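I have placed the structure first, in the form of structure tokens, so that the comments after it can refer back to it.
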Amino acid sequence: MQIFDYKYRARRLKDGKIVKGMTEAPSKVMVDKFLQENGMKPIEIYHKKSLLGSLSRISFGSVLGERDLIFYLRQLHSLLKAGVKLNEASEILATQQTNKLIRRIFFGIYYEVNSGSTLADAYKEYPNDFPEILVSMVRVGETTGNLRSALEDIIHYFETQYRIKTSIRQTMMMPIIYLVIAAAVGVFIFVYVMPQFESMFASLGGELPGVTQLFINIGNFLTDYIIFIALGIIALIVTFSLLIKRSTKFQRFLSYLAIKMPIIGQVTKLNNLSRIAATLSQLLNSKVPLQECLVTTYDTITNRVYRELIIEAQKNVNAGEYMSAAFEGHYAVEVVFTRMIAVGERTGDLGRMLHNLSTFYDEDSTVKIDRVRKLLEPVMMLVIFSLVVVMLLAIMLPSLSYSGSLG
């Protein structure tokens, strides 16, 4: 669908003021509706050709954030529940959107739906913004004539995953923030504070304590080789980024490390098993074939170890064997996870069993993540306190030594 730039003059209804502006839309009609949705009465709308505007429409990666997607789906569900037709609901959501990058996508969805495409096919045109699990569940909902129910299920799924992910991210960010602050304070003391003691004691002919001399040496090293250190850090970051993108072995090593690390490993395991159970249960309960469920679940997981487990599960399903055999006895999988899947497969009620497993992990995640957060706080405080004590000793010992020599 083509998007054009339009200039407009309009009267703001709340105060009668004439306003001018520029916006994007597929047609003048859409600009008119957009202005009315935002409390303005159009006076003049005309097409404006702009090279800069055309260039600004080139985007990379995803535009819709997780919160944006959840909010959009909630609005769509509410409109459909109120009896609004799908094409009208898509038009309303597009015209009331103020973020122009998101508005382009919503206009595209409206155009596809209004042209006769299904909502699932419209979403498929924007793979970076609408996950495969959403496309699959919406397709099932449209096929069965129960789109509202499918949207309700997918909203619950996205909200739960977002809550868990946000909680984990906040827990993992805490030690990083502590360490960055500690490193910044340390560098400041090494580079700016400790050299003052060196010059002072050099003029007095005194000998510095070992810990103070060590800090001074570190500060001198940082000062003398700052350019090489900066280049080394940049080279390390670039190399790390390239290895993550291109080396499967390196990805697997990092994934293995994330699972095996103390404290963090439990969170990593919880996050991935929860997502696998939730994704499979949502799709299976929507009557999506198991093989397709596993393909979609693979796309929702980033940890290489769990991706390989899902590939093994696919091979088992293709060979007519139980999926649970791929997870059995693996270091990255909890026993309860394997057993509940095995029971579901043997009783022919895998969808319900995975739903129960997903609910169990949702409840367990809050407890375990909170426990990890409470455990990390005293550990990080102890680390910071130890660094502060060492730095204070390095600063105070020379003064005490000097005072003692005078006495």
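Can you pick out the pairs among Lys41/Lys124; Lys269/Lys374; Lys260/Lys374; Lys20/Lys41 whose Cα atoms lie more than 23 Å from each other?
The pairs that break the limit, which is 23 Å between Cα atoms, are Lys41/Lys124.
Would you calculate a helix-derived [θ] at 222 nm for the chain, using -39,500 (n - 2.57) for each DSSP H run of n ≥ 4 and dividing by the full residue count, to the nearest 500? Working shown, then result.
Numbers: 17 runs with 296 residues, N = 407.
After summing the helix terms and dividing by residue count, I get -24500 deg cm²/dmol.
If you bin the C-alpha pair distances of the stretch 291-365 every 10 Å from 0, what whole percents do you get?
Answer for the stretch 291-365: a P(r) of 19, 55, 26, 1 percent.
Let me spell out the model: positive unit charges on the Cβ of Lys and Arg, negative unit charges on the Cβ of Asp and Glu, origin at the Cα centre of the chain. What dipole size does that give, in debye rounded to 20?
So the magnitude is around 1220 debye.
Going through the stretch 213-291, which trypsin sites (Lys or Arg not before Pro) have at most 12 other Cβ atoms within 10 Å and a DSSP loop state? Can you show the working numbers first?
Numbers: sites: Lys245, Arg246, Lys249, Arg252, Lys260, Lys269, Arg275, Lys287; in loops: Lys287.
Of the trypsin sites (Lys or Arg not before Pro), the ones in loops of the stretch 213-291 whose Cβ has at most 12 other Cβ atoms within 10 Å are Lys287.
Which whole-percent values make up P(r) of the stretch 253-332 when all C-alpha to C-alpha distances are grouped in 10 Å steps starting at zero?
Over the stretch 253-332, the share of Cα pairs per 10 Å bin runs 18, 51, 26, 5 percent.
Please list Met340, Met261 from largest to smallest accessible area, probe radius 1.4 Å, with all protein chains kept in place.
Met261, Met340
Please compute the Kirkwood hydrodynamic radius over the stretch 88-191, one decimal place, Å, based on all pairs of different Cα atoms.
Evaluated on the stretch 88-191, it is 16.8 Å.
Heavy atoms only, 1.4 Å probe, whole protein assembly: order Asp370, Asp5, Asp364, Asp224 by accessible area, highest first.
The ordering from most to least exposed comes out as Asp224, Asp370, Asp364, Asp5.
Output the Kirkwood hydrodynamic radius of the chain, Cα pairs only, in Å rounded to one decimal.
26.3 Å
Just to make sure I understand: if all protein chains stay in place, what is the order of Val343, Val211, Val335 by accessible area at 1.4 Å, largest first?
Highest to lowest solvent-accessible surface, that is Val335, Val343, Val211.
For the stretch 78-141, what mean projected area does the convex hull of the alpha carbons give, in nm²?
With every direction weighted equally, the projected area is 4.3 nm².
Using alpha carbon centroids, what distance separates the stretch 297-340 and the stretch 21-37, in Å?
Comparing the Cα centres of the stretch 297-340 and the stretch 21-37, I get a distance of 49 Å.
Which percent of the accessible heavy-atom area of the stretch 183-327 goes to carbon and sulfur, probe 1.4 angstrom? Could the numbers behind the result be given before it?
Working: 5220 of 8010 Å².
In the stretch 183-327, the share of accessible area belonging to carbon and sulfur is 65 percent.
Calculate how steeply helix 132-144 sits against the longest principal axis of the alpha-carbon atoms of the chain, using the helix alpha-carbon long axis, and give the answer as 0 to 90 degrees to the nearest 10.
Taking Cα atoms only, the helix is inclined about 20 degrees.
Given the options Leu273, Ser136, Ile384, identify the residue whose Cα lies farthest towards the positive end of the charge dipole of the chain (+1 on Cβ of Lys, Arg; -1 on Cβ of Asp, Glu).
Ser136
The values are calculated or read from the model by the stated rules, or taken from the named source; none is laboratory data. Being a predicted model, the structure only gives us computed values, none of them experimental. Using ideal geometry, Cβ is built from the backbone for each residue, glycine included, and neighbour counts are taken over all protein chains shown. These area figures cover heavy atoms from the full protein model, side chains too; ligands, DNA and RNA do not enter into them. Shrake-Rupley method; radii C 1.70, N 1.55, O 1.52, S 1.80 Å.
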